[in-house]
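Chemist: Following this message is one structure expressed as structure tokens.
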Amino acid sequence: MDSKLFPEGATRCSFGQYLLWLGFISAMLLWGVYASFLIFYNGIGVTAMDNYFGFALWITFDLAVIALGAGAFFSGFLKYILKIKQLEKIINLTVIVGFICYSGAMLILTMDIGQPGRAWFGYWHPNVHSMLTEVIFCITCYCTVLIIEFVPLILEQKQLNRNKFIHALAHNMHVHMALFAGIGTFLSTFHQGSLGGMYGVLIGRPYAYRDGFFIWPWTFFLFVLSAVASGPVFTVLICTIMEKVTGKKLVEYKVKALMGKIAGSMLCLYLFFKYLDTWAWATDVLPRMGFTFDQMFYGLIYGKWLFWSELIVCGLVPAIMLIVPAFRNRPWMLYTAALLNCTGIVINRYVFTVQTLALPVMPFDKWYTYAPNWSEYATSLMIVAYGLLVLTLSYRYLPVFPQERELNS
Amino acid sequence: MGLNRRAFIQFSVGGTLGLLVTPVIWKTLDDVSIWTQNWGWIPTLKKGVEERVPAVSKLCPSGCALRVETVGGEPYSTTGDEDNPLSKGGLCPICADAVPLLYSPTRVQGPMVRTGEGQYQPVSWDEAKKLLAEKLGAAGSSVAVISGDDTGSGNEVFSALLAELGSDDYYMMPSPQMAATRAWNGLMGGEGQIGYDIAGSDFVLFAGADALSSWGPTVSNMNAFAESHPAGEKAKSTYVYAGPARNHTSSVCDSWVPVHPEGMSAFLLGLAYNLITEGRYLESGDFAALRSLLASKYSPAQVEKLTGVSKKSLAELAGKLLRASAPVVVADYGCSPAVAAAGIIVNLLLGRMNTWGGMVALPEVEPVLGSALDRPTRFAKDLPADVASGAFAPKVCLIYDANPVYGLPQYGEKIAEKAEFTVAFSTFKDETAAVADLVLPAAHPFERYDDLVNPFGVANTTYVASSPVVKPSLDVMGAPQFALDLAAEMGLDLGFENFEEVLEAKAEAAEAAVGTVGSYSVGLGLPALSDADKTSGQLALYAYSQLHIGSASMATTPHNPTTIRDTELQGKQMFVRINSETAKANGLKAGSKVRLSANGVECQALVHVDEGVMPGVVAAPLGFGHTAWDEFSMGKGGNVYKLLTVSAGSGGSAWTGSAVTIAKM
Amino acid sequence: MQVKEFKIKWGMVIDIDKCSGCGACMVSCQVENNIAPMTQEDPHNHLQMMTTKRDDPSNKLRTLTWLNVYELNNGKAFPEHDVAYLPRPCMQCGHPACVPVCPVVATDKNEEGGIVSQIYPRCIGCRYCMAACPYHARYFNWWDPLWPDGMDKTLSPNASVRPRGVVEKCNFCHTRYMKAKDRAREEGIDPMELPEGYYVPACVEACPTGAIVFGDLNNPEHKVAQLAKSPHSFRLLEKLGLDPQVYYMSKREWVREQGDNHAAGDHNSAVKQASQGHE
């Protein structure tokens, strides 16, 4: 029915199947839309957040998707600036994933702030000392960049591209893409860093605060590195899932392994600094604040298992799996490593957001726990559904995978 | 149509700039920033001349002298009254929230007549007056008054009305004043109103009296404490709290002596034993009998068993009292005349009667309405005992400034059943108003004339009167004024037509009552003390009152729920506090859901394990478990007043021995 | 970051040994600053009534308690068990954790007196300042303010009503400061040299035990200036270096111990000094 819109030479599932899938996505989406309507109408009192957990699932979700979406800027940087040609086979997907992650995060943020109507105050009344100001600047700017990067791909849609103006526009945008990739790299590096800096400067929060170690706040660099260490393999995972779902080969394994190698190297670099950082934090920062390492953990949900999972099981283990070619070249090991890698980064963003706030700083205070409620899950799932929708539409109608035709012939 | 690089750039830049020069974006943003701070549903503030008007708030048991802050004549807040000795700038948590209560939706809007189960019909004041006059006319002398006004001249008006109707059934709600009056003016035959010069004392022992939180003239006690403990300097006096659990009073006292709930009079008599051993003596025909009573029943070893206070600590405490230059003992527990009497005996043994920093007997302020009962007589009638025995069965019962259905231990709910026609003068839709046959809305303290005559516990004759700060917003009036009008309607002459004039006369009477009652010669009320050595041997209930939760007549006020801890109330469940030892012995742990029961009544609660409670004691907060009022109190926790077991001693009803069982649910 | 110095530094010294935990200060604070009582249903918002309940006041993480009284205990078993109450207003830190993080300059410390401001119409409600403040002195308006019908007639003229979605906190009843300065000018007093007691926040005024002493920490004639130097005085979490303008004092060593974290072994000098002198 809609086959005329398919990319050149590609086959897609039947329209009925497609509608069924869209129906499933829409259900998820509508549930989230209902939740976000209640949130906008009644106020964010609807959520399970409170005065202790002012940053919660949403911020964790945002930080996680922003880190995982880093595949876009980093692959763009490698392809357009460092000219690693191989990556052009997956670059479109990285852009789409990046776009989904950033625009999704921004949607969540408009819900998360108490006065969405004042969101633009970050520009109008900026506090240049605040890491969050930098985040607001860079995220909004970078989201624009991602849109600019995404637009030519849309314009290259078979039918649209017949229009001469659109064709020319798409062509021109492609020509300037290196410039945007450069701007994107700059913006993205900065806000990934500022997101880390946001926590590192929390002088009253021993779990997150970092000072006196090389450069302040050190978390700035750790967040950049951890994002580029996980973003590329997240794209690989998405790509692989799409292959499993569609039953087609979309990107050759060589490219995936290369992405794995890039991520693995960055993960090694990250972990080197992260271990140093953790050591300095436990032995220097914490004692100065009057705390011990053991005091940073509590019960099961804030337990040490999270710490070891993040640094060893989801850190060191995938790093080794990704940099050793013998492991990396076995698909199941690459995917497992990718999964662990991404999990580790999610844990990192979670503990920096929630555990930081849960830790009682006043000695007479106590640990409080936080569990999200349905409205936070529904809206987060809404973003997932939105991502699936964008991926679905892009895959069905846009020439995302340059290798698809050749690999499936 | 083609697009070259130049055209592309022109298109992009031109488009962006074009949009920016239109006002669309800027106007929208500007509007948004204005809207987001001016939503229609956000109330705006009133402007006008700001004043501070002195007034009295009788929402708390002892009454607060304060200043009402007004803007454009409309009250918005209260502060303490620095010029008033009762306040010295301080305020209790109930009266701090007095202004919002002026417009509480839980106020009774106008007179109402009951037409059926829970159904009421509004009537005019005139109709109400006629109806009540008719009922009273038919009732003859079968009329009773229950008053919860511990301090006001309104009592005299109601008492005079009652006398004119030929009845002397004037009942006061139980209070520390009742216990002390029954002990001093009743059992011991003393004269005048007992008071304590806490401010002048250098060693204060609060025996059971939660004096810095809910007992007596709380704010004035707190002032005395504050002045004796200047910040950054050495304390000028020592404060000791003796009682079954750590409470607000004990948290600031210099030390805490844990005393079992059933052993408060034994503890005081144990002190008396030590004092007599140290050679103290007192002028009384009963002294020899006291000595032998102490020797036979209250030796230190026996007292240790009854109270949990070791011989050594008892002797040490007695020694401290002896060494202090101006010690005073403030004793009150469970409205028990025996405890009050034992406390007075200790003060007498210490030679602290009518001395600076000791216990005083203030001269009575004479009644100004001729037929009104005097203060001690008002406290003589025993409501719990009369309800239990059936002696309380009036045709008409007037309930003035009291909420007995909620706050009268054990028998409160029976009041409305026993009386044929109940009239509640209530400011708020409380439990008593919910069952009364006629509900007459009493004005809020800031809308009426009222006074404080010697709030119980003060060391000097104190009289504070106040006139309305604001016109009533509802169809309400002061209860005493209505009583005067009613008397006029019935052709009874009370001597006054106007409550304002009563206050003026009272002020003059108070002026005449200065100094202390010069001579005293007392008995020691020994029969009441001889049976204070019984213990139930079971788990004992320690019920404590905290004003931020409420009182026997007031429920939690709108801004107080945030001051109640999450270890006191969680959602609708209240907590009771027990020691870890008690918890272990009963198979309980923190957070266990339990059922407390006593005298056939049950209460649900959660367990808060608190080492500040004596083993074998369940500390439970009074003031929860309302079935009326509003969402700030209704349905939250259980009513612990119901669990208090009333025991009839020779001095009158008390609830010192409250055996309770605790069972895991 | 630089610490801004002011000629006047409004501060408190709270004598914990005198706080009985009665709650009068918390109530006065709410009344003075137009903090609505916590009601669970908004009768004017049917959709909200149908879909969700507002917060129960026993959920202490959702209250608007600018001044919050904490209960401390010495952790000992009966009968050595002891309790203390610690009222916690905003500390008005000299080196606030909250101010530099605000992305929109909705909170600042730049006015004579050293009170950390909160500009409600500027606040976007990101709650970063709340994450930054270790004292939990900052509160978020999770719902639109709502008074029981009619009760909004008693609103105080001293604090504008905040809409939902903004952060708020104690500002030492700043309007009272403004009014005190105006009054001083009328009465010919130098507003930079307000006498002790000329300006006091509502909680200080209400406290029946006088546990909170308020004044200019820089003015040697004000009591707070001397009390802050007492060997029994300490500040909360002094190790973090936030330089609070609120001091506490207690003669009880265990209370002073709980003013900061000592898990890593050391004890702060104030605690040591005082315990050597008195215990």
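The values are calculated or read from the model by the stated rules, or taken from the named source; none is laboratory data. Treat the numbers as computed from the prediction; the structure is a model and nothing was measured. Please note: Cβ atoms are built from the backbone with ideal geometry, for glycine as well, and neighbour counts cover all protein chains shown. Only protein heavy atoms, including side chains, enter the accessible area calculation; ligands, DNA and RNA are left aside. Shrake-Rupley method; radii C 1.70, N 1.55, O 1.52, S 1.80 Å.
Chemist: State which residue pairs qualify: first residue at the interface with another protein chain (Cβ under 7 Å from one of its Cβ atoms) and open to solvent by less than 20 Å² (accessible area, probe 1.4 Å) and inside the stretch A:162-173, second residue part of a helix (DSSP H, G or I) and of a type in the set (D, E, K, R) in any location, beta carbons under 7 Å apart, and separation of 6 or more residues or different chains.
Modeler: A:Asn172/B:Arg5
Chemist: Okay, next question. Does the stretch C:163-189 hold any residues that are at pLDDT 95 or above and charged (D, E, K, R), and which are they?
Modeler: Passing the criteria: C:Glu168, C:Lys169, C:Arg176, C:Lys179, C:Lys181, C:Asp182, C:Arg183, C:Arg185, C:Glu186, C:Glu187.
Chemist: Tell me yes or no: at least one residue of the stretch B:307-325 is in a strand (DSSP E or B) and not assigned by TED's automatic domain parsing to the domain that holds B:Gly166.
Modeler: Taking the stretch B:307-325 and keeping what is in a strand (DSSP E or B), we get none.
Looking through the stretch B:307-325, none of the residues is in a strand (DSSP E or B) and not assigned by TED's automatic domain parsing to the domain that holds B:Gly166.
Chemist: Please enumerate the residues belonging to the stretch A:353-388 that are closer than 30 Å to C:Gly241 by Cβ and aromatic (Phe, Trp, Tyr). Steps first, answer last, please.
Modeler: Going through the stretch A:353-388, the residues closer than 30 Å to C:Gly241 by Cβ turn out to be A:353-370.
If the condition is that a residue be closer than 30 Å to C:Gly241 by Cβ and aromatic (Phe, Trp, Tyr), then A:Phe364, A:Trp367, A:Tyr368, A:Tyr370 are the ones that fit.
Chemist: Taking into account only those residues within the stretch B:584-605 that are open to solvent by less than 30 Å² (accessible area, probe 1.4 Å) and within 18 Å of B:Ala540 (Cα to Cα), which is farthest from the other protein chains (Cβ to nearest Cβ)? Show your work before the answer.
Modeler: Taking the stretch B:584-605 first, the residues open to solvent by less than 30 Å² (accessible area, probe 1.4 Å) are B:588, B:592, B:594, B:596, B:598, B:603, B:605.
Next cut, within 18 Å of B:Ala540 (Cα to Cα) only: B:588, B:594, B:596, B:598, B:603, B:605.
Details: B:Leu588: 16, B:Val594: 18, B:Leu596: 20, B:Ala598: 23, B:Cys603: 18, B:Ala605: 14 Å.
The extreme case among them is B:Ala598.
Chemist: Only one residue in B:Leu45, B:Leu20 is in a loop (DSSP other than H, G, I, E, B), open to solvent by 30 Å² or more (accessible area, probe 1.4 Å) and hydrophobic (A, V, I, L, M, F, W, C). Which one?
Modeler: Numbers: B:Leu20 fails: in a loop (DSSP other than H, G, I, E, B).
Matching residue, one of B:Leu45, B:Leu20: B:Leu45.
Chemist: Can you pull out every residue in the stretch B:227-238 that is touching a residue at least 24 places away in the same chain (Cβ under 8 Å) and within 11 Å of chain C (Cβ to nearest Cβ)?
Modeler: To start, the set of residues in the stretch B:227-238 that are touching a residue at least 24 places away in the same chain (Cβ under 8 Å) comprises B:227-228, B:236-238.
Selection gives B:Glu227, B:Ser228.
Chemist: Ok, one more. Could you check, for the stretch A:263-278, whether at least one of its residues is closer than 20 Å to A:Tyr350 by Cβ and within 14 Å of chain C (Cβ to nearest Cβ)?
Modeler: Checking the stretch A:263-278: not a single residue is closer than 20 Å to A:Tyr350 by Cβ and within 14 Å of chain C (Cβ to nearest Cβ).
Chemist: Still on this model: Among the residues of the stretch C:1-34, what is the count of those that are in a loop (DSSP other than H, G, I, E, B), facing chain B (nearest Cβ under 9 Å) and either surrounded by fewer than 24 Cβ atoms within 10 Å (Cβ to Cβ) or touching a residue at least 60 places away in the same chain (Cβ under 8 Å) (or both)?
Modeler: Residues of the stretch C:1-34 in a loop (DSSP other than H, G, I, E, B): C:1-8, C:19-23, C:33-34.
Subset that is facing chain B (nearest Cβ under 9 Å): C:19-23, C:34.
With the extra rule that they be either surrounded by fewer than 24 Cβ atoms within 10 Å (Cβ to Cβ) or touching a residue at least 60 places away in the same chain (Cβ under 8 Å) (or both), the set shrinks to C:19-22, C:34.
Within the stretch C:1-34, residues that are in a loop (DSSP other than H, G, I, E, B), facing chain B (nearest Cβ under 9 Å) and either surrounded by fewer than 24 Cβ atoms within 10 Å (Cβ to Cβ) or touching a residue at least 60 places away in the same chain (Cβ under 8 Å) (or both) number 5.
For (1) open to solvent by 20 Å² or more (accessible area, probe 1.4 Å); (2) of a type in the set (Val, Ile, Thr), each residue gets a yes or a no:
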position	(1), (2)
A:Trp218	yes, no
A:Ser230	no, no
A:Ile241	yes, yes
A:Gly247	yes, no
A:Ala257	no, no
A:Cys268	yes, no
A:Tyr275	yes, no
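Chemist: Within the set of pairs 6+ apart or on separate chains, which have a first residue in the stretch B:622-648 that is touching a residue at least 40 places away in the same chain (Cβ under 8 Å), a second that is open to solvent by less than 30 Å² (accessible area, probe 1.4 Å) and of a type in the set (Val, Ile, Thr), and C-beta atoms under 6 Å apart?
Modeler: What qualifies is B:Leu622/B:Val640; B:Gly623/B:Ile549; B:Trp629/B:Thr106; B:Asp630/B:Thr106; B:Phe632/B:Thr556; B:Ser633/B:Thr556.
Chemist: A follow-up question, please. Given (1) within 14 Å of another protein chain (Cβ to nearest Cβ); (2) open to solvent by 20 Å² or more (accessible area, probe 1.4 Å); (3) modelled with pLDDT of 95 or more; (4) over 24 Å from the mean Cα position of the chain (by Cα), identify the lone condition not met by A:Gly23.
Modeler: Against the list (1) within 14 Å of another protein chain (Cβ to nearest Cβ); (2) open to solvent by 20 Å² or more (accessible area, probe 1.4 Å); (3) modelled with pLDDT of 95 or more; (4) over 24 Å from the mean Cα position of the chain (by Cα), A:Gly23 comes up short only on (1).
Chemist: List pairs: first residue in the stretch A:354-377 and at the interface with chain C (Cβ under 9 Å from one of its Cβ atoms), second residue part of a helix (DSSP H, G or I) and not aliphatic (A, V, I, L, M) anywhere in the structure, Cβ distance under 8 angstrom, at least six positions apart or on different chains.
Modeler: A:Thr356/A:Tyr199; A:Pro363/C:Glu257
Chemist: Within the stretch B:236-254, can you find the residues that are part of a strand (DSSP E or B) and either open to solvent by less than 10 Å² (accessible area, probe 1.4 Å) or modelled with pLDDT under 95 (or both)? Give the steps one after another, and end with the answer.
Modeler: So the first thing to find is which residues in the stretch B:236-254 are part of a strand (DSSP E or B), and the list is B:238-243, B:245.
B:Tyr239, B:Val240, B:Tyr241, B:Ala242, B:Gly243, B:Ala245, listed by residue number.
Chemist: Out of everything in the stretch C:41-68 that is among the polar types (S, T, N, Q) and not in a loop (DSSP other than H, G, I, E, B), what residue ends up being farthest from C:Trp142 (Cα to Cα)? Reasoning before the result, please.
Modeler: From the stretch C:41-68, those among the polar types (S, T, N, Q) are C:45, C:48, C:51-52, C:58-59, C:63, C:65, C:68; that's our starting set.
With the extra rule that they be not in a loop (DSSP other than H, G, I, E, B), the set shrinks to C:48, C:51, C:68.
Values: C:Gln48: 13, C:Thr51: 15, C:Asn68: 18 Å.
So, considering only residues that are among the polar types (S, T, N, Q) and not in a loop (DSSP other than H, G, I, E, B), the one farthest from C:Trp142 (Cα to Cα) is C:Asn68.
Chemist: Quick check: anything in the stretch C:239-253 within 11 Å of chain B (Cβ to nearest Cβ), more than 17 Å from the chain's Cα centre (by Cα) and not in a loop (DSSP other than H, G, I, E, B)?
Modeler: Within the stretch C:239-253 (the criterion being within 11 Å of chain B (Cβ to nearest Cβ), more than 17 Å from the chain's Cα centre (by Cα) and not in a loop (DSSP other than H, G, I, E, B)), the answer is no, since none of the residues qualifies.
Chemist: Starting from the stretch B:585-613, keep only residues that are touching a residue at least 60 places away in the same chain (Cβ under 8 Å), then list their pairs with residues that are of a type in the set (Asp, Glu) whose Cβ atoms are within a distance under 8 Å, requiring at least 6 positions of separation or different chains.
Modeler: B:Arg595/B:Glu602; B:Leu596/B:Glu602; B:Gly612/C:Asp82
Chemist: Hey, another quick one. Which one of the conditions (1) assigned to a loop (DSSP other than H, G, I, E, B); (2) at the interface with another protein chain (Cβ under 7 Å from one of its Cβ atoms) does C:Glu71 fail to meet, given that it meets all the rest?
Modeler: Failing condition for C:Glu71: (1).
Chemist: So C:Phe78 fits all but one of (1) under 15 Å from the mean Cα position of the chain (by Cα); (2) at the interface with another protein chain (Cβ under 7 Å from one of its Cβ atoms); what number is the exception?
Modeler: (1)
Chemist: Continuing with this model, one more query. Being assigned to a helix (DSSP H, G or I) and crowded, with 23+ Cβ neighbours inside 10 Å is the filter here, so list the residues in the stretch B:163-183 that pass it.
Modeler: So in the stretch B:163-183, the residues assigned to a helix (DSSP H, G or I) come out as B:163-164, B:176-183.
B:Pro176, B:Gln177, B:Met178, B:Ala179, B:Ala180, B:Thr181, B:Arg182, B:Ala183 - these are the residues of the stretch B:163-183 that are assigned to a helix (DSSP H, G or I) and crowded, with 23+ Cβ neighbours inside 10 Å.
Chemist: So which residues in the stretch B:51-92 are surrounded by fewer than 16 Cβ atoms within 10 Å (Cβ to Cβ) and either facing another protein chain (nearest Cβ under 8 Å) or among the charged types (D, E, K, R) (or both), if there are any at all? Spell out the reasoning first.
Modeler: So the first thing to find is which residues in the stretch B:51-92 are surrounded by fewer than 16 Cβ atoms within 10 Å (Cβ to Cβ), and the list is B:51-52, B:72-73, B:82-83.
Residues satisfying the conditions are B:Glu51, B:Arg52, B:Glu82, B:Asp83.
Chemist: Scan (1) crowded, with 22+ Cβ neighbours inside 10 Å; (2) assigned to a loop (DSSP other than H, G, I, E, B) for the single condition B:Tyr542 breaks and write down its number.
Modeler: (2)
Chemist: Additional query: Residues being facing chain C (nearest Cβ under 8 Å) and surrounded by fewer than 20 Cβ atoms within 10 Å (Cβ to Cβ): count how many of those fall in the stretch B:571-583.
Modeler: Of the residues in the stretch B:571-583, 3 are facing chain C (nearest Cβ under 8 Å) and surrounded by fewer than 20 Cβ atoms within 10 Å (Cβ to Cβ).
Chemist: Here's a follow-up. I'd like the full set of residues that are hydrophobic (A, V, I, L, M, F, W, C), within 28 Å of the chain's Cα centre (by Cα) and not in a helix (DSSP H, G or I), limited to the stretch B:474-519. Break it down into steps so the answer makes sense when it comes.
Modeler: First pass over the stretch B:474-519, keeping only residues hydrophobic (A, V, I, L, M, F, W, C): B:474, B:476-477, B:479, B:482-484, B:486-488, B:490, B:492, B:494, B:496, B:499, B:502-503, B:505, B:507, B:509-510, B:512-514, B:517.
Narrowing further to those that are within 28 Å of the chain's Cα centre (by Cα): B:474, B:476-477, B:479, B:482-484, B:499, B:502-503, B:505, B:507, B:509-510, B:513-514, B:517.
Once the filter is applied, which keeps residues that are hydrophobic (A, V, I, L, M, F, W, C), within 28 Å of the chain's Cα centre (by Cα) and not in a helix (DSSP H, G or I), the stretch B:474-519 yields B:Leu474, B:Val476, B:Met477, B:Ala513, B:Val514, B:Val517.
Chemist: Can you pull out the residues in the stretch A:115-154 that are open to solvent by less than 20 Å² (accessible area, probe 1.4 Å) and within 14 Å of chain B (Cβ to nearest Cβ)? Spell out the reasoning first.
Modeler: As a first pass, look at the stretch A:115-154 and keep what is open to solvent by less than 20 Å² (accessible area, probe 1.4 Å): A:115, A:118, A:121-122, A:127, A:130, A:133, A:135, A:138-139, A:142-143, A:145-146, A:150, A:152-153.
Of everything in the stretch A:115-154, those that are open to solvent by less than 20 Å² (accessible area, probe 1.4 Å) and within 14 Å of chain B (Cβ to nearest Cβ) turn out to be A:Gln115, A:Arg118, A:Phe121, A:Gly122, A:Val145, A:Pro152.
For (1) of a type outside the set (A, V, I, L, M); (2) within 14 Å of chain A (Cβ to nearest Cβ); (3) open to solvent by less than 10 Å² (accessible area, probe 1.4 Å); (4) under 19 Å from the mean Cα position of the chain (by Cα), each residue gets a yes or a no:
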{"residue": "C:Gly113", "(1), (2), (3), (4)": "yes, no, yes, yes"}
{"residue": "C:Tyr128", "(1), (2), (3), (4)": "yes, yes, yes, yes"}
{"residue": "C:Ala132", "(1), (2), (3), (4)": "no, yes, yes, yes"}
{"residue": "C:Trp143", "(1), (2), (3), (4)": "yes, yes, no, no"}
{"residue": "C:Ser160", "(1), (2), (3), (4)": "yes, no, no, yes"}
{"residue": "C:Gly165", "(1), (2), (3), (4)": "yes, yes, yes, no"}
{"residue": "C:Val200", "(1), (2), (3), (4)": "no, no, no, yes"}
{"residue": "C:Thr209", "(1), (2), (3), (4)": "yes, no, yes, yes"}
